[in-house]
């Protein structure tokens, strides 16, 4: 009889069993994919780190350091005297303006990437090819950053053309793509191009605005923070930011780990949904088998044997779902790992992590079933008889109340939607809606022009960057002020100053000028407007332990200044450590930026191209393109995960709604037959269920949208908060996120309701 019960349950609930298996399959596949991405990404980073041997600390320097013999010699002497310094390297780089560079015949004038020529380092900070070999291009050859391959801009054998001077161009043939431990990520706009030393000498004769990487390899266990403090206290060359390898590792893994985190979040929600569905299906099965269970109890059948049968059933479903999920995870992981393989290389094989992850879902579900099976111990033959008697007296579940506004079936459906039992379906729909909208909203956020204000770029139309006075910024500003296409112009000048901390001084970049015209996103306060005011980025404020209204001490060529903090803003550039001020200073600028707001109707792209031709020495960018180019790789990966999430969400809602309806119809079979007997039409009953569960589904969609804008926004803030943007907001595509996706989900729910209710036509009128 026990096996008869089990076989009967399987036959009776084919749809339920298939649905549960599919849920477990999806959950297992995503858990395995997420864990695999984390393990593989970190493994690939480790391999790249060991092969490339990146520097532990890098001090940037803008200018010709080697021309200043006194500074360069002082630097070398100091490094030789430091016991923690194992090696030091001065890397000379030669930046190339985008307007002077063509890749496969395509101008790079509108690219935000900042490529620079270098020669291949020999001791550490190695630049590697796809086989982890140090790139060594021959004369006339060039090794290009892998991002150009990923974007489809270049392929092997293509030509890179650089204009060195008026009428002087040089061509290079792409012979390899390089992996750069420091500058691999798409989030890093600076890129290094490797050429032969002879070609570098030729280029060096014409590109006379070098920048340097002062690179240090430290002994194992050396305190990097203390080392950076010692460097600053020694007043050594520091015309640029300082970065340590921790940031390099984070940036290399960030975009892929973001995808992995989303996959794990989705998988976790799927596990929750599967658990809720298993609970519902299990309790329904117990209810259907209540009579048989009571009889078996009456004749002395042990509860252990009955519980074992149910446990076998759900363990088998979990096992099949896990096996299929494991097979499904293979192509999903392979697709998601493509950026990792391209940027970081092939990670070491690790099968233990995904295999262990594969057991998470079945173990959780089997554990849940075991807990639910304890209910069987409380069932007795007497209880079964009491329940049947109570059921015969209780009347029908359908209460045919009337409403002056709605037909009977719609009114009863609407009132039935308020039952607590429908909370499961509402939860599933809400979570699925959240799964579908969140990745889509993240992708649209990175593509939104407003997001540029979180990466240190004012809310303007065009940005003109001028380094080392290659052109006169005053002339650019005056030209723009007289241009009828331009409505607003702001010139900002960046200098390096020392800011006082509790443990000494720190060099930071301060951007001076009018910051009220094109403001960034402020978490508190406002942009500086007086000479004694300063605004700090969120991370910089944390670094110097300053808050709104506090006074900080800054050391300038003209002496120390006392500046009051007027505002705290969000910025993820330069490690999230920047500052804004308006005071005057005659010190030479490190770089200058001119922001332009164009008149209504002016084509931004056409104007950007025009300005690029007018000022070829400067870097002119359409601001709307900047964040998209910077976050392009992350955005494309989010697009993949958004597609997977959409498929999972639609599948979940359809499967669980169908499962729910199948079980409800089975429970209410007798009620439906009675209603058909007194004249209820199948169309009216279908309308009842459509109203009843359509209302629940609609409520779930609304809850899901609210969750995206609350919980989803909080998670987004948590992620970018560490980078310097704690108050960042999601920027959804309103039409897509709030109209089209909910409409699609509503249609899926309606379909999932209507399909099972077709069986009502076959229920006897008697």
Worksheet entry | DSSP-defined beta bridges in the range 471-617 - what % are antiparallel, rounded to 5 | 80 percent
Discussion item. At R0 = 25 Å, how high is the FRET efficiency between residue 279 and residue 758 if r is their beta carbon distance? Nearest 0.05 is fine.
Written reply: 0.40
Worksheet, complete the sentence: By Cβ neighbour count within 10 Å, fewest first, 515, 605, 196 rank 605, 196, 515
Practice prompt. Return the whole-Å distance between the Cα centroid of the range 505-584 and the Cα centroid of the range 666-717.
Written response: 54 Å
Fill in: Taking the convex hull of Cα positions in the range 11-137, its mean projected area over all directions (nm²)
15.1 nm²
Worksheet, complete the sentence: Check: C-alpha center the range 172-248 vs C-alpha center the range 116-157, spacing in Å is 15 Å
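Please order 312, 672 by the number of other Cβ within 10 Å, starting at the fewest.
312, 672
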Discussion item. If I take every Cα pair under 8 Å that is 6 or more residues apart in the range 471-617, average their sequence separation and divide by the length, what percent do I get for the relative contact order?
Written reply: 31 percent
Fill in: Calculated FRET efficiency for the pair residue 132/residue 478, C-beta based, R₀ 41 Å, to 0.05
0.20
Response to the item:
In nm, the gap between the two label points placed 7 Å beyond Cα toward Cβ at residue 155 and residue 311 is 5.9 nm
Practice prompt. Mind giving me the nanometre distance, one decimal, between the label points for residue 204 and residue 669, set 7 Å out from Cα along Cα→Cβ?
Written response: 8.7 nm
Discussion item. With an 8 Å Cα cut-off and a minimum separation of 6 or more residues, compute the relative contact order for the range 492-534 in percent.
Written reply: 30 percent
Item to complete: Determine the gain in length on full extension of the stretch residue 739-residue 235; use 0.36 nm per residue of separation and subtract their C-alpha separation, reporting nm with one decimal.
Response: 175.6 nm
Worksheet item: Given a cut-off of under 8 Å on Cα pairs at least six residues apart, what relative contact order in percent is computed for the range 64-238?
Response: 32 percent
Worksheet entry | Proxy reagent accessibility, fewest Cβ within 10 Å first, across 120, 682 | 682, 120
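A short reminder: the numbers here are calculations on the coordinates, not readings from a lab. Computed from a predicted structure; not experimentally measured. Don't worry about glycine lacking a Cβ; one is built from the backbone with ideal geometry, like all the others, and counts go over all protein chains shown.
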